[in-house]
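Asks: One structure, as structure tokens, below. Some questions next.
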Amino acid sequence: MRGLTVTRMLHVEDVAGVSLTITCRPRPEDGGRLWFFTDDGAPVSEADGVHEADAILHILGCLARRAEEAAR
């Protein structure tokens, strides 16, 4: 509608400016099912309606770790 392109990526940033990019792509070791991955390639959870809470908790944990590392 406004010339935007969605590329299976989500950029998440907390109020302190710590950020994380999440991508969605097939995971060969899981039969090619779609999974969320962090920007460093770590799997988050399967990208389905069943694992939404798992994905959110994992993302929040990643942001907290990055904030802790940035504070050092």
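Read the figures in this text as sums done on the coordinates, not as results from a lab. This is a predicted model, so every value here is computed, not measured. Because the Cβ atoms are built from the backbone with ideal geometry, glycine has one as well, and the counts that use them run over all protein chains shown.
Asks: Could you grab me the full set of residues in segment 8-41 that are in contact (Cβ under 8 Å) with a residue 12 or more places away in the chain and either exposed (fewer than 10 other Cβ atoms within 10 Å of the Cβ) or of a type in the set (A, V, I, L, M, F, W, C) (or both)?
Replies: Scanning segment 8-41 gives 9, 10, 12, 16, 18, 20, 22, 24, 34, 35, 36, 37.
Rundown of residues vs (1) closer than 19 Å to residue 18 by Cα; (2) of a type in the set (Phe, Trp, Tyr), yes/no style:
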site	(1), (2)
32	no, no
35	no, yes
38	yes, no
46	no, no
49	no, no
53	no, no
58	yes, no
62	yes, no
68	yes, no
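Asks: Something else now. Report, by residue number, each residue of segment 16-50 that is over 18 Å from residue 63 (Cα atoms), outside any strand (DSSP E or B) and not hydrophobic (A, V, I, L, M, F, W, C).
Replies: Within segment 16-50, 28, 29, 30, 31, 32, 48, 49 qualify.
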